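The values are calculated or read from the model by the stated rules, or taken from the named source; none is laboratory data. Keep in mind that this is a model prediction, so the values were computed, not measured. Here the Cβ is made from the backbone with ideal geometry for all residues, glycine too, and neighbour counts use every protein chain on show. Accessible surface is based on the protein model in full, side chains and every heavy atom, while ligands, DNA and RNA are left aside. Shrake-Rupley method; radii C 1.70, N 1.55, O 1.52, S 1.80 Å.
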There are 2 protein chains.
Amino acid sequence: MCIFLRFCRILTMGEKFFTSKEAAKAVGCSLRQLQYWREKGVVVPTIQGSGTGRSIYYSQSDVVQLAIMEYLLSVGLSFSEASRGLKELIKIDTDYANRETKKRWMLCWDEKKRSLVLEEFDRVCAIALMDKGQAVIPIWLDIIHDLLQQKSSL
Amino acid sequence: MCIFLRFCRILTMGEKFFTSKEAAKAVGCSLRQLQYWREKGVVVPTIQGSGTGRSIYYSQSDVVQLAIMEYLLSVGLSFSEASRGLKELIKIDTDYANRETKKRWMLCWDEKKRSLVLEEFDRVCAIALMDKGQAVIPIWLDIIHDLLQQKSSL
C-alpha cells in the first residue's frame, strides 16, 4: 500500500500521530536519537516515506516504544542491550502500548545464558536474584506510561 | 622515574605483574578491549612504556579493576556508565583490590540526580528501590574476586 493511502487509512481510524519533533518532546529525547534509532531499526515509525523525511509519523505505540528505549538507556544500559530488551518486550507483550494493562517486567541476569533476560516482574524472584548479587532492572510499563502522560497529551 | 627503574623497584617488592595477554586471560576479555580501555584511560596499567607496547604490565590491582570493568559491561551497562562506576568505586573503596575485605556495593538509580549512583550495598535499601521499580546493580567484590581466582592464579 502506498504511504499516502496508508496514512489516510490510519487517519480515518482516529489514531493520533506524532511528528518526530512531537515524539521527541513527548519522550524527552533528542531528534538525533530518534533518527539514530530509526536508522538502526530499533524504533521505526509506522509512517515513514522515503526522501525528504517530512513524511515521518510515529503512532502512539511507536511513542511508547521510544519511551521504553529512553528508559532503558537512562538506567545506564548499553545501546545494544537496551534495543535487545525493547525488541524482546514488544515481542512478548503485544499489549505493551495499552495504558490499562500496566504489565511489569524485569531484565535480570541469567547465570546460564551469561546475559540479561526478560522476565515478568516477580518480587520474590527479584529479591532472590539480588541476594545472589545479581542485577535486576525493572521495566514497569505503568511507570513508563505515567511518565509519558506527564510529558505529553498521549 | 624511568620506566625501567620503576619496573625494577616494583619487582623487588615481590608483587606479581601481568602482561596484557595474561591479564586478558585472567579477566576473560580480549586484548582489543584492554587496549581500548587503556586508550580511554579507564584501566591504565601500572607499568606502561611508550613505543612498541611490549613494556606493558598490569599490577594485581589493575587486574581487579579490569575484572570490575568486565563485570559491569557483562551486566549490560554502557561503556560510559561502566567506566564511571569503576572510577567511582576505586575512588571510594581504596581497598578494592584486597581479597579479604570483600566489600559489597551497588549501583542504583537516583531519582534526583537522574543517574546511577554508587552506594554501599544495603539489602533493605535495595529492596525498597526495587519496590519502586528502580534498577539495582550489585557490585560485590567478593564475587568478582572469586571469579578472578577461578580464572587465574591471582
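Quick look at the values:
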read-out: Over the protein assembly as shown: Rg over Rh, Cα atoms, Kirkwood Rh; value: 1.07
read-out: Whole-angstrom gap from region B:105-132 to region A:62-107, using each part's C-alpha centre; value: 21 Å
read-out: Highest-MSF residue in chain A out of A:101, A:19, A:46 [GNM, Cα springs under 10 Å]; value: A:101
read-out: Where A meets B: accessible area buried, both sides, 1.4 Å probe, Å²; value: 2000 Å²
read-out: In order through region A:140-148: 3J(HN,Hα) via Karplus (6.51 cos²θ - 1.76 cosθ + 1.60), integer Hz, x for Gly, Pro; value: 9, 5, 5, 5, 5, 5, 4, 4, 4
read-out: For chain A, the longest site-free run once GluC sites (Glu not before Pro) in DSSP loop states with at most 13 other Cβ atoms within 10 Å are removed; value: A:16-99
read-out: Of all chain B residues, the one whose C-beta is nearest the axis that brings B onto A, in angstrom; value: B:78, 2
read-out: Listed pairs B:102/B:151; A:21/A:103; A:40/A:103; A:132/B:113 exceeding 20 Å between Cα atoms; value: A:21/A:103; A:40/A:103; A:132/B:113
read-out: In region B:18-79, the trypsin sites (Lys or Arg not before Pro) that fall in loop regions by DSSP, at most 14 other Cβ within 10 Å; value: B:40, B:54
read-out: For residue A:55, label point 7 Å along C-beta direction: distances to other copies, nm; value: 6.4
read-out: Nearest-10 value in Å² for the accessible area of residue A:62, using the 1.4 Å probe; value: 10 Å²
read-out: At 1.567 mPa s and 4 °C, Stokes diffusion of chain B via Kirkwood alpha-carbon radius, µm² per second; value: 78 µm²/s
read-out: At 7 Å out from Cα toward Cβ: residue A:44 inter-copy label distances (nm, ascending); value: 4.5
read-out: Backbone HN-Hα couplings from phi across region B:18-35 [Karplus 6.51/-1.76/1.60, Hz, Gly and Pro as x]; value: 10, 6, 4, 5, 5, 5, 4, 5, 4, 9, x, 10, 8, 4, 5, 4, 4, 4
read-out: Label point 7 Å beyond Cα along the C-beta direction, distances from residue B:128 to other copies (nm, shortest first); value: 2.6
read-out: By accessible area with a 1.4 Å probe, ligands and nucleic acids excluded, highest first: order of A:110, B:122; value: B:122, A:110
read-out: Computed FRET value (nearest 0.05) for residue A:103 with residue B:115, which takes r as the C-beta separation and R₀ as 41 Å; value: 0.95
